[in-house]
Structure formats: structure tokens, C-alpha cells
Amino acid sequence: MVGTAVYTVEGMSCGHCVNSVTEEVTGVSGVTDVKVDLESKKVTVTAEGPIDDAAVRAAIDEAGYEVAG
């Protein structure tokens with residue numbers, strides 16, 4: 001079963017931001033794809049199973065950004 005989740009991430013403003021978030025979230029166990037839409041500040045995460053929400057949020061924090069809400 002494939003899991004997908006969308007996060008709104010505050011503070012992203014450039015390609016470096018996109019790369020940082022993508023790199024950190026890709027490192028989360030089970031994550032198979034990360035798509036960042038800079039304009040809408042949305043990060044779509046796809047995993048091979050249920051998404052570990054806490055791990056994804058921690059990875060975004062580690063990249064230096066904050067999940068809204």
C-alpha cells in the first residue's frame with residue numbers, strides 16, 4: 001500500500017530550500033518520492049507504506065523549516 005501526505009512548509013523561498021527539504025525527507029525510512037512546490041509551499045511525500053508523520057516533520061525541522069499547523 002502506498003501512502004501519500006502533503007505538508008505546508010513555512011520559510012522555503014529558493015531552490016536551495018527545495019533541495020534541503022527534499023534531501024532530508026528522502027532520508028526518512030520508507031519514503032520513495034518527495035515533491036516540493038515552492039510557490040504553494042506544499043511538500044508531497046510518497047512512501048511504500050504508511051507515512052511516519054513524526055519522522056517527516058522531524059526531517060523538515062532538521063532541514064531548517066517548519067511545518068505549518
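Taking each residue of the range 28-44 that is among the hydroxyl-bearing types (Ser, Thr, Tyr) and looking for partners that are assigned to a loop (DSSP other than H, G, I, E, B) and exposed (fewer than 14 other Cβ atoms within 10 Å of the Cβ) with beta-carbon atoms closer than 6 Å, six or more apart or interchain, yields Thr32/Glu48. When the range 54-69 is limited to residues that are charged (D, E, K, R) and either in contact (Cβ under 8 Å) with a residue 60 or more places away in the chain or part of a helix (DSSP H, G or I) (or both), the one that is least open to solvent (accessible area, probe 1.4 Å) turns out to be Arg57. Within the range 1-12, the set of residues being out of contact with any Asp or Glu (no Cβ under 9 Å at 6 or more places or on another chain) and either among the aliphatic types (A, V, I, L, M) or at pLDDT below 95 (or both) comprises Val6, Met12. Only one entry of Gly49, Gly69, Gly27 meets the criterion of being within 10 Å of Tyr7 (Cβ to Cβ) and small (Gly, Ala, Ser), and that entry is Gly69. Could you list, in sequence order, the residues of the range 1-34 that are open to solvent by 60 Å² or more (accessible area, probe 1.4 Å), in a helix (DSSP H, G or I) and closer than 14 Å to Ala59 by Cβ? Those that are open to solvent by 60 Å² or more (accessible area, probe 1.4 Å), in a helix (DSSP H, G or I) and closer than 14 Å to Ala59 by Cβ: Asn19, Glu23, Glu24, Thr26. In the range 35-53, of all residues being assigned to a strand (DSSP E or B) and not β-branched (Val, Ile, Thr), the one that is most open to solvent (accessible area, probe 1.4 Å) corresponds to Lys35.
The values are calculated or read from the model by the stated rules, or taken from the named source; none is laboratory data. Keep in mind the model is a prediction, meaning the values are calculated, not measured. Glycine also receives a Cβ, built like all others from the backbone with ideal geometry; neighbour counts cover every protein chain displayed. For the accessible areas, the whole protein counts, side chains as well, though only heavy atoms, and no ligand, DNA or RNA atoms are used. Shrake-Rupley method; radii C 1.70, N 1.55, O 1.52, S 1.80 Å.
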